[in-house]
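As structure tokens, the structure follows; a few thoughts come after it.
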Amino acid sequence: EPSKENSAGSVTGTAPSSGVSGTTASLSLTVTNTGSVAAPAGSFRSDAVYLSTDPFFSFDDITLFSQATTIKYPLAPGDSYSFSPTVSIPSRPPGSYFILFVADSSQRLPESDEANNVLALPFELFSAQGNLQVVSNTAP
């Protein structure tokens, strides 16, 4: 069978450039079939969003969102699908991270190029810090 690119072809997305542990963030993701072959109806697809310390997807990244579904209609070359999850930002040490959008995260669709399935966006994580204030005191 010739190599082919299916629905996990090209990933575009938007995410905030920073966030605070324990809050939420609104994301947007679009996956386009950049190949020459349609992803057939009945194919299984999975998409996920991760928080990572580097711009490369690995299975130790922290899952922020994941969805798996069966494709109901063929996804023709050039066609796309989109979704906009709201994710919880986990409690992690403050610092520089990446939000990774990963199409075909389970790698079940046959493709000629798995490298174009990940979009890494820089993300600065801040900790939620309380603001303590003295409201009264008593001296001996």
GNM result for the chain, Cα springs below 10 Å: residue of 77, 93, 110 fluctuating most strongly: 93
Using θ = phi - 60° and Karplus 6.51 cos²θ - 1.76 cosθ + 1.60, couplings along region 57-71 (whole Hz; Gly, Pro as x): 6, 8, 6, 9, 5, 8, 6, 9, 7, 8, 9, 10, 7, 9, 5
Per the charge dipole of the chain (beta-carbon charges, Lys/Arg positive, Asp/Glu negative, Cα centre), the residue among 65, 40, 22 reaching farthest to the positive end is 22
In region 47-98, which chymotrypsin sites (Phe, Trp or Tyr not before Pro) fall in coil by DSSP and have 12 or fewer other Cβ atoms within 10 Å? 56, 59
In region 56-96, whose amide N lies under 15 Å from the spot 7 Å out along Cα-to-Cβ of residue 18? List them in ranges. 94-96
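Figure the gain on full extension for residue 96 and residue 114 (residue separation times 0.36 nm, minus the Cα-Cα span) and round it to one decimal in nm.
Gain on stretching residue 96 to residue 114: 3.9 nm.
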Excluding residue 97 itself, what net charge comes from residues whose Cβ is under 14 Å from its Cβ, given Lys and Arg +1 and Asp and Glu -1? -3
Taking 0.36 nm per residue of separation and subtracting the Cα-Cα distance, what length does fully extending residue 36 through residue 121 add? 27.9 nm
Accessible surface of the chain [probe 1.4 Å, protein heavy atoms]: carbon and sulfur percent: 52 percent
Ordering 46, 96 by the accessible surface of their heavy atoms, 1.4 Å probe, largest first, yields 96, 46
From a point 7 Å beyond the Cα of residue 83 in the direction of its Cβ, which residues of region 40-60 have a backbone N at a distance under 14 Å? 44-50
Computed over the chain, protein heavy atoms only, probe 1.4 angstrom, the accessible area per residue in square angstrom equals 57 Å²
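The values are calculated or read from the model by the stated rules, or taken from the named source; none is laboratory data. This is a predicted model, so every value here is computed, not measured. In this analysis, Cβ positions are derived from the backbone assuming ideal geometry, glycine residues included, and neighbour counts consider all displayed protein chains. The protein model used for the area step is the full one, side chains on, heavy atoms only, and it has no ligands, DNA or RNA in it. Shrake-Rupley method; radii C 1.70, N 1.55, O 1.52, S 1.80 Å.
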